[in-house]
Amino acid sequence: MKGLASLFILFLLICSVFGQISYTIPEEMSKGSLVGNIANDLGLQTSRLTSGKARIYTRENGEYIELNRERGVLLVKEKIDREALCKQTTPCALHFQIILENPMEFFTATVQITDVNDNAPTFKRSEIHFKISESAIVGAKFLLEAAVDHDVGINDLKSYELKPTDNFVLKVHSSNEGDKNVEMVLQKPLDREKEEEISLVLTAVDGGEPQMSGTMLILITVLDANDNAPVFSQSTYKTMVTENSPKGTVIVTVTATDADQSPNGKIMYSVSNTLDGDSLMFFVNEENGNVYLNGKLDFEEKKNYQVNIIATDAGGLTDSCKLIVEVQDVNDNKPEINIMSKSNVISEDVKPNTIVTMIVIEDKDSGENGKVQCFTSDHVPFHLKSSTNNF
Ligand SMILES: [Ca+2]
Ligand SMILES: [Ca+2]
Ligand SMILES: [Ca+2]
Ligand SMILES: [Ca+2]
């Protein structure tokens, strides 16, 4: 093959006429399109092309161009795709010879193929997923995928755009090899409680006319961090309980909420210990906040209780509320009669309204329940008279 080529070159050298012609056409021209009027440009008659059996000789590049001897023109024989022919190499050109016989002549022809913006920048994937903690710090970087544009020059990839820009900004680094490294950088902290799913669109545009673009969807799932403490719906709960309520009675339900996701938002309730032992009288269900009576109340002994109830999330953040329990009296005490002094013997001539005995009446209940009325039996020669309180 090499021998043949050398022979051919030698043969060409023997033919003493040299000429050179160059055309420039855009890629993707349809079959039959005019490349150039070669007869005119080389100063040849079309009859000479016919008689000389003018033909194209090419050793590579396939047969993209044909010679029409009758018209003396070069035509597109097969649609040319610059990208397939030259990839990223520029300039892109077809080189061939036009050979004539009788006498033998040859001309060197070059057809330069210019790029048309017929490729949009494309991403390998249509979407990309990230899971990012809401505690991620500002400046945290996330590598994205670079887009590829098969065109060259201004028709190649020009820039990127990321939208929306609420939380992230785009950083594009160009390496020495010409590759572009695309990153998104956190510029405003995420908040799962506000936005749990974020979608962004990365757009790559080229510099062609008209401009072409490609997009990639960026889906971000914001992972929860324990950045919210539980909050009680009321800072103080007040309730009234009758003193005869049995142990286990639900006296109130406290509620706290936590904006975080489970387990950071899972709340456990507890009664805070107190020095005076008040806390022992109540018990809270750690899951639902129901507060139960945990002992026997006695209004006469203690009329109100105050305890703190704590809500704790799984991460140890807390809130507390005050629970004030007022004990209500019930009539559970009989009046008690105590005789303070008595005269065992009364003279028959004693004068009316003489005090014969002193009685003290006591009822431990209060209010109406503690009010006492005293009566004597009918038909006795005595009557009751109240002096001071209870006497
Ligand atoms: Ca192109
Ligand atoms: Ca392009
Ligand atoms: Ca929390
Ligand atoms: Ca959170």
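The values are calculated or read from the model by the stated rules, or taken from the named source; none is laboratory data. What you are looking at is a predicted structure, and each value in this text was computed from that prediction instead of being measured. Cβ atoms come from the backbone with ideal geometry, glycine included; neighbour counts cover every protein chain shown. Side chains are part of the model used for accessible areas, which takes the heavy atoms of the whole protein and leaves out ligands, DNA and RNA. Shrake-Rupley method; radii C 1.70, N 1.55, O 1.52, S 1.80 Å.
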field: Cut-off under 5 Å, modelled amide H: who pairs with Gln187 long-range
entry: Gly139, Phe168, Val169
message: Mean-square fluctuation check for the chain, GNM, Cα pairs under 10 Å: which of Thr376, Thr46, Thr274 is largest?
response: Thr376
- line: Between Lys77 and residues 5 or more places away or on another chain, the pairs with built amide H atoms under 5 Å apart involve Gly32, Ile65, Glu66
Kirkwood Rh in Å, taken over region 231-328 so that all alpha-carbon pairs contribute: 13.7 Å
query: So, how do all the Cα-to-Cα distances of region 127-223 break down into 5 Å bins, in percent, from 0 on up?
result: 3, 13, 22, 23, 15, 11, 7, 4, 1, 0
- request: Could you tell me which GluC sites (Glu not before Pro) in region 302-391 are loop residues by DSSP with no more than 12 other beta carbons within 10 angstrom of their beta carbon?
  value: Glu348
query: Counting other Cβ atoms within 10 Å of each Cβ, which GluC sites (Glu not before Pro) in region 38-68 have at most 14 and sit in a DSSP loop?
result: Glu60, Glu63
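Where the accessible area of the chain is counted over protein heavy atoms with a 1.4 Å probe, how much of it, in %, is carbon and sulfur? Walk me through the numbers before you get to the answer.
Numbers: 12230 of 23890 Å².
Using a 1.4 Å probe with all protein chains present, the chain comes out at 51 percent carbon and sulfur.
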query: In square nanometres, what is one fourth of the surface area of the convex hull spanned by the alpha carbons of region 264-391?
result: 11.9 nm²
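Under the Kirkwood approximation applied to all pairs of distinct alpha-carbon atoms, what is the hydrodynamic radius of region 286-327 in Å?
With all distinct Cα pairs of region 286-327 included, I get 12.2 Å.
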query: Build a GNM of the chain with springs between Cα atoms under 10 Å: which of Ile324, Ile98, Ile355 gets the top mean-square fluctuation?
result: Ile355
query: What list of ³J(HN,Hα) couplings, whole Hz, do you get for region 289-305 from phi and the Karplus terms 6.51, -1.76, 1.60, once you set θ to phi - 60° and write x for glycine and proline?
result: x, 5, 9, 9, 7, 10, x, 9, 8, 8, 4, 5, 8, 8, 9, 8, 10
message: Whole-Hz ³J(HN,Hα) for each residue in region 250-259, computed from phi via Karplus 6.51 cos²θ - 1.76 cosθ + 1.60 with θ = phi - 60°, x for glycine and proline: what do you get?
response: 7, 9, 6, 10, 9, 9, 10, 10, 9, 6
query: Of all the Cα-Cα pairs you can form in region 334-391, what percent are over 20 Å apart?
result: 34 percent
message: How are the alpha carbon pair distances in the chain distributed across 20 Å bins from zero to the largest one, expressed in percent?
response: 17, 21, 18, 14, 11, 9, 5, 4, 1, 0
message: Which residue fluctuates most in the GNM of the chain (Cα springs below 10 Å): Ser347, Ser135, Ser47?
response: Ser347
task: Give the distance, in whole Å, between the Cα centre of region 328-391 and the Cα centre of region 231-296.
output: 46 Å
message: For Cα pairs less than 8 Å apart in space and 6+ apart in sequence, what is the mean separation divided by the residue count of the chain, i.e. the relative contact order in percent?
response: 10 percent
- prompt: Along the charge dipole of the chain, Cβ charges K/R +1 and D/E -1, which of Val152, Gln328, Thr122 sits furthest on the positive end?
  reply: Val152
- request: Using Cα pairs closer than 8 Å and at least 6 residues apart in sequence, work out the relative contact order for region 120-185, in percent.
  value: 36 percent
- request: Mind jotting down the distance between the C-alpha centroids of region 138-195 and region 82-105, whole Å?
  value: 41 Å
In order through region 244-249: 3J(HN,Hα) via Karplus (6.51 cos²θ - 1.76 cosθ + 1.60), integer Hz, x for Gly, Pro: 8, 4, x, 4, x, 5
